[in-house]
Structures are given as structure tokens and as C-alpha cells.
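Novice: My questions all concern the structure below.
The values are calculated or read from the model by the stated rules, or taken from the named source; none is laboratory data. Here the structure is a predicted model, which means the values were calculated and not measured. Every residue, glycine among them, receives a Cβ derived from its backbone with ideal geometry; neighbour counts consider all protein chains shown.
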Amino acid sequence: MVAPVTLQRILFARFSLLALSFLVGMMSVMFFWLMPRLQDLVARSNESLATALSVQAETYLATPQRALAVVAQHTWSRENNSPSLSPLLEALVASNDVFEAIYVLDHRKRIVHLGLPASVKNRDDYLNIDLSGSPLVADVRREKNTNQPVWSNVFLSAVTGRLVVAVALSAGANTVVGEIGLANLSEFVRRVASRENTTMIIVDSRGQILAHPDVGLASQQLNVSDLPLLKYSKDSGLRTEVMPFEGIDVVATRAPIAGIDWVVLVTQPLSVAREPMVTTVIVLTIVGLLVTVLSLWQGMVFARRFALVFEKLVGTAESVEIGRYPTVWLRSRVVEFVRLIESLRRMSHAVKEREGALASSQNELRELNQSLEQRVTERTAQLELANAELQAILEQLSQAQEELQRADRLGALGALVAGVAHELNTPIGNCLVVATACGAKQLAFEESMEHGVTRSSLNTLIEGNRTAMELLELNLQRAAELISSFKQVAVDQTTSQRRQYFLHDSMHEIVVTVSPSLKVSGCHVVFEVSDKIRMDGYPGPLGQVLTNLINNAAIHGYAGLKSLKPAEISIHAQLLENDWVELVVSDDGAGIEPEHIKRIFDPFFTTRMGRGGTGLGLNIVYNIVTDLLGGNIRVESAPGKGTRFILQIPRIAPLSDTLDRAL
Amino acid sequence: MLRSFLGLIALLVALSGCTKTEPIRIGFIGGLSGRFADLGTPGRNGAMLAVEQQNQKGGVGGRKIELLIRDDQQDPVVAGKAVQNLLESKVSAIIGPMTSSIAAAIVPQINEAGMLMMGVTVTTASLTGRDDYFYRVIGTTTFYASHAARYHFERHGLRKAALVMDVANRDYTESWANEYAKTFEALGGKIVAKVTFDSRGEKSYQNIVGALLKGKPEIISLACSSVDGALIAQTIRKVDKKVKLAGSGWTATERLIELGGAAVDGMLVEQYFDRFDESSRYKTFHKAFVERFGQEPGFAGTAGYDAALAVIAALEKDPSARVLKKTLAEMKRFQGVQGEILFDEYGDALRSTYLNEVRNGQFVPVK
């Protein structure tokens, strides 16, 4: 993520960039456009000066050339043996400040006429001297056919012993020569190039200086042919260059002199020539720098002012944030700022209002909360009280239930005892009848014995005793059998001991036990149980379950049902695959109303309230099956279609500590 | 921002302110104007050429050589001032002067300053055999003059000689003339005239020639500058076509032929260098000189070049001006344009002399 930048910095950077761009742009224009033009201007001005000066030099040299032409004309028209021309030449030299000597050479290149300045003595010494070795003569010889004036390079004059240049003109076989001292030429260039700092130099074809404002230098035969400017061919016209010359850098222009193989060299010190340029550049640079600095400063001030406004607004916003609402607001002339400040002010106002509203509603809420808490406390106390009351009631109820259960069990026991007594009543009654009949017969026999015992009466007594014995035995056996069964049931019912038993045996005993009481209601039990199911558990509670279910069927299914068909209660048991046992007790009785089915296992639910029902029978069944035996029980029934109780219990009952509670 | 701006300024300053190393300055002194300039200017040109060539090769130890040129105008007073000026300009050595008289005048000055001066065409015997700061690339006139005298006497069978001397360069001309006379007379010849003149003042060549010819010499030997030599020869030939002419080394410059024309034809001249040297070293130098100056170097140009070469060679060995004399004394020899130049213990070069004759406007070697 890019690091955040301050507005001040951004603004300053932009301003600086702008200022620098301006500076760079200006500098570029200066260096790449203005400077070359100014330099060109300098060169052009130097060139025009050089052209003017070279024209002046031409003019200056043209005068002696014309004078010499007159002499040549004069010489031409005369023969050699004519009177000496020397006085004429003398006069010419004297009248002319250019020539130092004028002489006429004959065809052998000897001086035949000679004009010298008045200061020179012994001028006869120079007449007739041979100048055939002179380089000037060689030049003239070369140019002979053209009849043009020939200008020499610098040479040491034989007649004056000084450094001179000479112009020579052919006049038939003769040659007219005018020697010009370098001092004169130097004086000329010093005079014409009078402009300060401008130096005009004339060099000969070898590059040797022949005219220099400093006469001393001119006479030193300095050769400057190594200057690049002098290496151009003589026809290359005007040339301008910047070069080091005499120790300083100069702007130099070479200009040819028409008709002469010389070159005019006009130089200006670079510093002088470029002065206007340098001034321009300096002024522009200063202006540029000033503008830059000013822009930078302005940018800084501007950026700081803007940043300050924002800083203040941020401060205001922050104080609003911590809840200190400003009373005095910032003033600005900038429309955007004014709008920003105004909106901030309005926002602050709105925040403040909303905050007030929020605070008051919060207060209400707080009060409401407090009263609510109180009410909750009150209600809780009330509830706790009710709870305690309910608890007490529940305890009473539980107590009552236990008592009832106990009473029920006692009731069941009573019924059992009554059943047993009734069962026993028949055999024992039979025995009593037999014993009474037997006793009566005994008495009758004893009476007859006093009368004599008759055979027939004895036989009758014995026959009667035998029959009595048989009857007694049969009935007593029956009674013993009954008691034995009762004893087993009683033991099972009172001792819920865990043991292994065969389901068939256990159920059979129950069925036998309850059969007598069933007979009263005209029911009988159909018993279909495999005798191979070996259980491990509590036969007593299971027996009670069965007893209760059978009784239930008898009482509810068939009570008051005066049907023609026999009332049948069937008991089926089978071993399931998962080592559980399914026990089904069904009847074809009245069935159960649908609204009663849900509550059938609830304690104290009875349809026979007040008529002998406690409403606990099925509840006990449910508790024993689900708790003690670890199984489940469900009922399928509809009114008029009988009832099926389906029990499923594990063949091996779970170990349980709930036995006591279940009982 | 500010930093980059300062950087820009620094760059501009760096671009503009390329520092130049201080050049090595060498002075040159010689007669560059007036009638002796035909010795001075080639001498100076020779020195200039040597310096220019050395600078093109990169100077000495990376430093450019700057040649400060001073005109002595053949005037001892002007020369003294010029030397003073050069000393103040902190030159490492001075090349020059060209003439013996000037040398004689300024040698005490340079000895006092401990400034090495490499004479170019100074041949006076009066400076010989001194252990001083004056060195020279051309030997003394003793040898040259006696060689010429012997040649004139023995080869040409000349017995009567007349001598002319320019007192403007007395130290040279007298020394030369005396040596010539000594040898000539020792051989059995006779000096019939000894004429002196002062080229700086009024002189009449006709008078000089008249005095020379009075004793009917068979040979006239000139100890003067080329201009005076040429004009004297011209004047002699106006009246005497037969007498043999001879010139000292000073006289025998290029100007002699230019100004003398037919008059100097057949003149016997001594040369301080081998004008007809075919060695590639000389030819290279000759070509460069002519290209640069449009003139023949002559013996003065060659000697000027040699003198500058000697100074540069010593400076290359040790650029310190103070020990330059010692450096040269240790070097003893260096390669000149025309073979090795050997300095004796007094700093005088030992060289051969060459005799030429002027024929048809040319110097021609003679046996």
C-alpha cells in the first residue's frame, strides 16, 4: 500500500515541478535555441566587420597599386637608356606614406631606377644590385603573362634591410616594384580596426603575419599557418571560428582580400563578443531562478495555507468526535471551503441533536429496565412460593401414590387369597361332603351292628368307604396342587429375585393362579407360549405384569359385555431375533377410546373412578416393563375391536437398582 | 527537491569548470625584427615547431609546453629586459639567443638566476670553457673559422685575404675573423685588409668595398649578416668580378641567396649543419618546417629546433627547472635532427662543419 502523503507535500511537489519545468524549459530554450542564435549573431557581426575591413584593406592597397601602374605605364613607353626615373620615384615615395621604396628592375632583374625615402643615404649602393634571387621576382616571372599586379609575401628588403611586402607590375621587360613596410600596414590595420577589442591581422599566403596592430609583433614574422582557420583553401570565402589566439579565446573571421593572396583575420575576444549574449543569459538565468524561487515560495505558502485550513477542519471534526461542539467556526473566502465548513457545521449540529435524543431515550430505557428487574424479582419470588407449594403437594401426592400402590398390591393379594380360597373350597367342600356321608354311613353301620351285621350291609359299607376314599384322595390332591401353585406365585410376588426360569412355566403358573377369578367374569385364557424360552430376570414382576394385563382385559374388555361368544384372552410369546422376547396379551373386548389411549399408562388414570379402580394398574405395568425389565410396551386398540398390549423385553434383563422403586 | 536542484547547479559548475593543468613555460629570446631577423625568426620557428610537435604528443608529463617568445632587437638592453621578463614569468628554461653579442650580454644574468639557457646559433669562443648555465647546440667559431681558412688556403690556393666584420655582433664576428686570420696566417697566407662596419648605423657599402679591395685580395671573407653580406657582394661585383667571396656561418642564410642574386654566385660559405642531409630524421623535420612556415629552415631553424629538443628532452627526464642544468650535464648527449649532439663538460656542443658553395642560387656541397 502506498504510504499516505500530506496535502502540503503534494501541493509543494506540484508547484516545484511546475517551477522546475519552467526553469528547465527556459534553460533548454536558452541553450538550444537562443544561444546558437546569439552565437550565430556574434559570428555574423564579426563576419560583417571582417568583410568591411577586408574591403578597406583592398581600397588601401588599391591606391599604391594605381600609382605603381602609372609608373609602369611610364616605364613601358620609355627605353632603358632614357634619363633616370629615380627622381620621379623619389617624389612618389616621399608623397606617399605607403611605399618605403619603389624601384624598376631591368630584364636582368637589376635595379635600374630607385626611389627611396630621403632618410636613406648612400642610395647609389643599391643601384644595379641583382635581385634575381628575390622570391618576388620569381612570383612576377610566374605571373608574367597576366599583366596583373603581383603581391609578394613578407620578405627582407635588400634596399631597406627591413621586412616588407611588395607589389610588382610588369612593364615590358622591366618590372616596377613598390615595397611597403610592414610598419605602414600595421599602422593601417591599427587605425581601421579602431573598435575596441577588435584586432585586424593580415597574413600572407604562407600564414605569416604581415600586418598586426602591434607593429613589433608584425615585424617578428610570426607564422600562424597552424591556425585551423588558415588551413582552408583560399577560395573558401568567409569563415568564422572560435579559437585560442595569443593566449585568449577569440571569435575569428577570415576574409579574403580580392586580387591578393592574403587573408584578413578579424578577431574579437570571445568574452567581449559574447558579452551581450552572456548578459542575456545571465539576466534570463536570474529571472528564471527568481521566478523559480518565487514559485517555490508561493507554492510553499499556498500549500501551507491549504494544509492549515484542512488541519483546522480536521481539528474541528475531532472535537466534534469527542463531543466538544465548537461555537466559533473557521472563516474562509474560498467557496469550496465555505461549503465544507458549512456542511461540517450542520453535521455537527445534527450529531449534537441526535445525541440528545439518544441520551433521553437511553434514560427511559434504563428506568424501564430497572422496573422490569423489580417485577421479575417479584414474579420469581411468587413462582418460588408456588413452586414450594407444588413441591409439597407433589410430595403428598407421591406419598399417596405409594400408599395406593401398596394398597393395590394388598388388594391384589386379597383377590388372590379369595381366589385361592374359592378354589380350595370345592375340593375341601367335596371332602367334607364325602367325610360327612362316610360318617353317616359309619353311624348307620354301627347301629346295624347291634342288630347284627349283615353281610350285605358290610359290603355296602366297604363299597361306600372305598368310593369315599377315592373321592377324598382326588379332592385333597387337587387342593394340594392348588396350594402348591399359590405358594409359588406368592413366593415370586413377594421375592423379586433374579433367577433363571422358563417363560412358559412362569406364565402357566400365573394363568393357573388367575384362572379361578376369571371364571367369575366368564373369561378364559388361551395360552400359546413356547416352552423353550429360557429367561434370565425377574419372574415375579413379569408375573404381576401379566396378572395386571389379564385382569385389565377381564375387567375393561369384557366387563358388562354380555356377548354370546366366549370371552377369550390370548397370550402369545415368541423369541425375537435380537434375543428379545415379544409378549402379546390381546382380547376381543370393547377396546379403548382413542382419547384414552395416550393417557393409558399415566398414573391414576382410570375410567372406573369410584368403582374400585385405582388407575395404577397399567402404570405399574409400564414402570416394571420399562424400568426393571428394560423393555418397552405399546398398545394397539380401537373401540369395539379389542385391545393388544405388545411387550418387548430382553431375554436377559438388565441389571437394575430400580427394583425397589418399581415395587 | 532542493537537493536535486543543487545537484543540477553542481553539474553545470562541473561542466564549465574543467580545470587546466599549469603548462610548462619555456622562454625564447632572439632578434626577431630588423636585419638580424633572418637568424631569429627561423630559430624561433624551429623552437616553435619542436614545442608544437611535443604538445601534439601530449606535452611533458601531461603538461603542455608554452613558448614565451621575446624579441631582443639585437640590443643588449632590450635583451636584458626580455630575460628579466622571462624570469618573472617563471620559465623552466630559455632557448636563445641567436647571436653571440646578446649571449655575452645576458649570460651573467642567467647565471645569477640559475636559469638554464640553451643557445641556438651562438658560436663565440668567448663563452667557451665556462661551467655556467649557458649551453648551446652549436660549437664555437674557433673550429668553423679555422676550417674555412684552411680550406680557402689549401684547396683554392688563395694567399691574400681581406676580412669584413659587422661590429653589431662583435662577439661573433671578431672571434670568427680572428680565428680565420690566425689560421690563414699560420698557414702562410696574408690578411690584406680587416674592415669593420656597424650595420646598425650609417654605412656606405661602396666605402667598405673600396677599403676591402685596396689590398687586392684574392679572397674576401665576410663576417656579417646575410643582408649586409648580400649587399657587400653586390657592391663588390659592380667593380670586381673576379675576387673570390666567402661567408661565415652567420652570413650564409637563405636570405643571402635571395638578396645576393647573381652576385653571390660562387661564394664559399660555411654551414653549421648539413643542408643535404638525406637522413629520414632531417627530411621529416624539413618537410614539417616548410609545411608549417613556408620557408626553408636553414641552419638557424634546425638549430632552434635542436635547442628546443634538447631542453624538452631534459625536461622529460626531470621537469624541475632547478635541476635542469644537472640533468643536462648527466644526459650529456641527446638526439638532434642531424645526429647525436654531444655536450662537453662546459655545455658546448661538438659538431661538424660543412662547406658549401653557392651555385645558381643554390647551396651546393664542396669537398
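Novice: For segment A:412-454, which positions are at pLDDT below 75 and not small (Gly, Ala, Ser)? Talk me through it step by step, then tell me what you get.
Specialist: First, pick out the residues of segment A:412-454 that are at pLDDT below 75: A:412-423.
Correct list: A:Leu413, A:Leu416, A:Val417, A:Val420, A:His422, A:Glu423.
Novice: Would it be correct to say that B:Gly59 is more than 22 Å from B:Thr302 (Cβ to Cβ) and touching a strand residue (DSSP E or B) at 6+ places or on another chain (Cβ under 7 Å)? Talk me through it step by step, then tell me what you get.
Specialist: On the way: more than 22 Å from B:Thr302 (Cβ to Cβ): yes; touching a strand residue (DSSP E or B) at 6+ places or on another chain (Cβ under 7 Å): yes.
Considered against the rule, which asks whether it is more than 22 Å from B:Thr302 (Cβ to Cβ) and touching a strand residue (DSSP E or B) at 6+ places or on another chain (Cβ under 7 Å), B:Gly59 comes out as yes.
Novice: Could you please find all residues in segment B:174-213 being of a type in the set (Gly, Ala, Ser) and within 12 Å of chain A (Cβ to nearest Cβ)? Walk me through it before giving the result.
Specialist: First, the residues of segment B:174-213 that are of a type in the set (Gly, Ala, Ser): B:175, B:177, B:181, B:186, B:188-189, B:193, B:199, B:201, B:204, B:210-211.
Result: B:Ser199, B:Gly201, B:Ser204, B:Gly210.
Novice: Still on this model: So which of B:Tyr180, B:Tyr172 is of a type outside the set (S, T, N, Q), within 22 Å of the chain's Cα centre (by Cα) and at pLDDT below 90? I'd like the intermediate steps shown before the answer.
Specialist: Numbers: B:Tyr180 fails: at pLDDT below 90.
After ruling out the rest, the residue left standing is B:Tyr172.
Novice: Assuming A:Leu230 fulfils every condition listed in (1) within 13 Å of another protein chain (Cβ to nearest Cβ); (2) out of contact with any helix residue (DSSP H, G or I) (no Cβ under 9 Å at 6 or more places or on another chain); (3) at pLDDT below 85; (4) part of a loop (DSSP other than H, G, I, E, B) apart from one, which condition is it?
Specialist: (4)
Novice: Given the residues A:Met243, A:Met200, which is the only one that is more than 13 Å from every other protein chain (Cβ to nearest Cβ), under 30 Å from A:Leu38 (Cα atoms) and either buried (at least 23 other Cβ atoms within 10 Å of the Cβ) or in contact with a Cys (Cβ under 7 Å, 6 or more places away or on another chain) (or both)? Explain how you work it out, then say what you get.
Specialist: Values: A:Met243 fails: either buried (at least 23 other Cβ atoms within 10 Å of the Cβ) or in contact with a Cys (Cβ under 7 Å, 6 or more places away or on another chain) (or both).
None of the other options fit; the residue is A:Met200.
Novice: B:Trp250 - would you say it is buried (at least 19 other Cβ atoms within 10 Å of the Cβ), touching a residue at least 24 places away in the same chain (Cβ under 8 Å), away from chain A (no Cβ under 14 Å) and part of a helix (DSSP H, G or I)?
Specialist: On the way: buried (at least 19 other Cβ atoms within 10 Å of the Cβ): yes; touching a residue at least 24 places away in the same chain (Cβ under 8 Å): yes; away from chain A (no Cβ under 14 Å): yes; part of a helix (DSSP H, G or I): no.
Considered against the rule, which asks whether it is buried (at least 19 other Cβ atoms within 10 Å of the Cβ), touching a residue at least 24 places away in the same chain (Cβ under 8 Å), away from chain A (no Cβ under 14 Å) and part of a helix (DSSP H, G or I), B:Trp250 comes out as no.
Novice: Another question, if that's okay. What's the total number of residues in segment B:308-366 that are polar (S, T, N, Q) and modelled with pLDDT of 85 or more?
Specialist: The number of residues fulfilling the criteria is 6.
Novice: Next question. Among the residues of segment A:307-321, how many are within 22 Å of A:Phe12 (Cβ to Cβ), free of Cβ contacts under 8 Å to residues at least 24 places away in the same chain and not aliphatic (A, V, I, L, M)?
Specialist: Initial filter on segment A:307-321 (within 22 Å of A:Phe12 (Cβ to Cβ)): A:307-315.
Remaining after also requiring free of Cβ contacts under 8 Å to residues at least 24 places away in the same chain: A:308, A:311-312, A:314-315.
Adding the requirement that they be not aliphatic (A, V, I, L, M) leaves A:311-312, A:315.
Qualifying residue count for the region: 3.
Novice: Could you grab the pairs with beta carbons closer than 6 Å, sequence gap of 6+ or different chains, first residue in segment A:429-448 and in a helix (DSSP H, G or I), second one of a type in the set (Gly, Ala, Ser)?
Specialist: A:Val434/A:Ala468; A:Cys438/A:Ala468; A:Lys441/A:Gly464; A:Ser448/A:Ser457
Novice: Take A:Glu58 and decide whether it is acidic (Asp, Glu) and at pLDDT 85 or above.
Specialist: yes
Novice: State yes or no: is A:Ala62 more than 14 Å from chain B (Cβ to nearest Cβ), surrounded by fewer than 19 Cβ atoms within 10 Å (Cβ to Cβ), closer than 24 Å to A:Glu100 by Cα and of a type in the set (Gly, Ala, Ser)?
Specialist: Values: more than 14 Å from chain B (Cβ to nearest Cβ): yes; surrounded by fewer than 19 Cβ atoms within 10 Å (Cβ to Cβ): yes; closer than 24 Å to A:Glu100 by Cα: yes; of a type in the set (Gly, Ala, Ser): yes.
In short, yes.
Novice: Kindly indicate which of A:Arg190, A:Arg195 is surrounded by fewer than 24 Cβ atoms within 10 Å (Cβ to Cβ), away from chain B (no Cβ under 14 Å) and free of Cβ contacts under 8 Å to residues at least 40 places away in the same chain. Talk me through it step by step, then tell me what you get.
Specialist: On the way: A:Arg195 fails: free of Cβ contacts under 8 Å to residues at least 40 places away in the same chain.
Of the residues listed, the single one that is surrounded by fewer than 24 Cβ atoms within 10 Å (Cβ to Cβ), away from chain B (no Cβ under 14 Å) and free of Cβ contacts under 8 Å to residues at least 40 places away in the same chain is A:Arg190.
Every residue, every condition in (1) within 60 Å of the chain's Cα centre (by Cα); (2) more than 24 Å from B:Glu254 (Cβ to Cβ); (3) within 13 Å of another protein chain (Cβ to nearest Cβ); (4) surrounded by fewer than 21 Cβ atoms within 10 Å (Cβ to Cβ), yes or no:
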{"site": "A:Asn96", "(1), (2), (3), (4)": "no, yes, no, yes"}
{"site": "A:Glu100", "(1), (2), (3), (4)": "no, no, no, no"}
{"site": "A:Leu105", "(1), (2), (3), (4)": "no, no, yes, no"}
{"site": "A:His113", "(1), (2), (3), (4)": "no, yes, no, no"}
{"site": "A:Leu127", "(1), (2), (3), (4)": "no, yes, yes, yes"}
{"site": "A:Pro135", "(1), (2), (3), (4)": "no, no, yes, yes"}
{"site": "A:Ala138", "(1), (2), (3), (4)": "no, no, yes, yes"}
{"site": "A:Glu143", "(1), (2), (3), (4)": "no, no, no, yes"}
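Novice: Take the residues in segment B:279-299 that are within 12 Å of another protein chain (Cβ to nearest Cβ) and in a helix (DSSP H, G or I); name whichever of them is nearest to A:Leu227 (Cα to Cα).
Specialist: Out of the qualifying residues, it is B:Arg292.
Novice: Among the residues of segment B:274-306, what is the count of those that are free of Cβ contacts under 8 Å to residues at least 24 places away in the same chain and at negative phi?
Specialist: So the first thing to find is which residues in segment B:274-306 are free of Cβ contacts under 8 Å to residues at least 24 places away in the same chain, and the list is B:278, B:280, B:283-284, B:286-287, B:290-291, B:294.
If we keep only those that are at negative phi as well, we get B:278, B:280, B:283-284, B:286-287, B:290-291.
The number of residues fulfilling the criteria is 8.
Novice: Please enumerate the residues belonging to segment A:145-180 that are away from chain B (no Cβ under 12 Å) and either polar (S, T, N, Q) or within 60 Å of the chain's Cα centre (by Cα) (or both).
Specialist: Result: A:Asn145, A:Thr146, A:Asn147, A:Gln148, A:Ser170, A:Asn174, A:Thr175.
Novice: Out of the residues in segment B:73-89 meeting the condition of being charged (D, E, K, R) and modelled with pLDDT of 90 or more, tell me which one is farthest from A:Val215 (Cα to Cα). First the steps, then the outcome.
Specialist: Our first condition is that a residue be charged (D, E, K, R); within segment B:73-89, this holds for B:75, B:81, B:88.
Now narrow it down to the ones that are modelled with pLDDT of 90 or more: B:81, B:88.
On the way: B:Lys81: 19, B:Glu88: 24 Å.
Ranking the candidates gives B:Glu88 first.
Novice: Might you check whether a residue that is more than 14 Å from chain B (Cβ to nearest Cβ) and touching a His at 6+ places or on another chain (Cβ under 7 Å) occurs anywhere in segment A:204-216? Steps first, please.
Specialist: Of segment A:204-216, the ones more than 14 Å from chain B (Cβ to nearest Cβ) are A:211, A:213.
Add one more test, that the residue is touching a His at 6+ places or on another chain (Cβ under 7 Å), and what stays is none.
So far as segment A:204-216 goes, no, none of its residues is more than 14 Å from chain B (Cβ to nearest Cβ) and touching a His at 6+ places or on another chain (Cβ under 7 Å).
Novice: How many residues, within segment A:11-37, are within 13 Å of chain B (Cβ to nearest Cβ) and free of Cβ contacts under 8 Å to residues at least 60 places away in the same chain?
Specialist: Total meeting the criteria: 6.
Novice: Please give the number of the condition A:Thr467 fails out of (1) in a helix (DSSP H, G or I); (2) touching a Phe, Trp or Tyr at 6+ places or on another chain (Cβ under 9 Å).
Specialist: (2)
Novice: Residues that are over 21 Å from A:His508 (Cα atoms) and at pLDDT below 75, at least 3 per element: which helices (runs of 4 or more DSSP H) completely within segment A:559-663 meet that? Spell out the reasoning first.
Specialist: Numbers: elements: A:594-597, A:617-623, A:659-662.
Once the helices (runs of 4 or more DSSP H) in segment A:559-663 are filtered for at least 3 residues that are over 21 Å from A:His508 (Cα atoms) and at pLDDT below 75, what remains is A:659-662.
Novice: Of a type in the set (A, V, I, L, M), within 14 Å of chain B (Cβ to nearest Cβ) and under 23 Å from B:Arg255 (Cα atoms): is that true of A:Leu185 in this structure?
Specialist: On the way: of a type in the set (A, V, I, L, M): yes; within 14 Å of chain B (Cβ to nearest Cβ): no; under 23 Å from B:Arg255 (Cα atoms): yes.
No: the conditions fail for A:Leu185.
Novice: Of all residues being surrounded by fewer than 24 Cβ atoms within 10 Å (Cβ to Cβ) and among the hydroxyl-bearing types (Ser, Thr, Tyr) in segment B:100-134, which is farthest from B:Trp250 (Cα to Cα)? Just the residue, please.
Specialist: It comes out as B:Tyr133.
Novice: Continuing with this model, one more query. Tell me, which residue of segment B:253-278 that is more than 10 Å from every other protein chain (Cβ to nearest Cβ), modelled with pLDDT of 90 or more and in a loop (DSSP other than H, G, I, E, B) is surrounded by the most Cβ atoms within 10 Å (Cβ to Cβ)?
Specialist: So the residue we want is B:Met267.
Novice: Could you list, ordered by first residue, the pairs with Cβ atoms under 6 Å in which the first is in segment A:51-80 and in contact (Cβ under 8 Å) with a residue 40 or more places away in the chain and aromatic (Phe, Trp, Tyr) and the second is in a helix (DSSP H, G or I) and surrounded by 14 or more Cβ atoms within 10 Å (Cβ to Cβ), at least 6 apart or interchain?
Specialist: Sorted first by the residue in segment A:51-80, then by its partner, the pairs are A:Tyr60/A:Phe188.
Novice: Quick check on B:Ile236: is it of a type in the set (A, V, I, L, M, F, W, C) and touching a strand residue (DSSP E or B) at 6+ places or on another chain (Cβ under 6 Å)? Full working, then the answer.
Specialist: Numbers: of a type in the set (A, V, I, L, M, F, W, C): yes; touching a strand residue (DSSP E or B) at 6+ places or on another chain (Cβ under 6 Å): no.
The answer is no for B:Ile236.
Novice: Got a number for residues in segment B:229-246 being under 20 Å from the mean Cα position of the chain (by Cα) and surrounded by fewer than 24 Cβ atoms within 10 Å (Cβ to Cβ)?
Specialist: In the first step, residues of segment B:229-246 are kept if they are under 20 Å from the mean Cα position of the chain (by Cα); the result is B:229-230, B:246.
Subsequent filtering for residues that are surrounded by fewer than 24 Cβ atoms within 10 Å (Cβ to Cβ) retains none.
Residues flagged as under 20 Å from the mean Cα position of the chain (by Cα) and surrounded by fewer than 24 Cβ atoms within 10 Å (Cβ to Cβ) within segment B:229-246 amount to 0.
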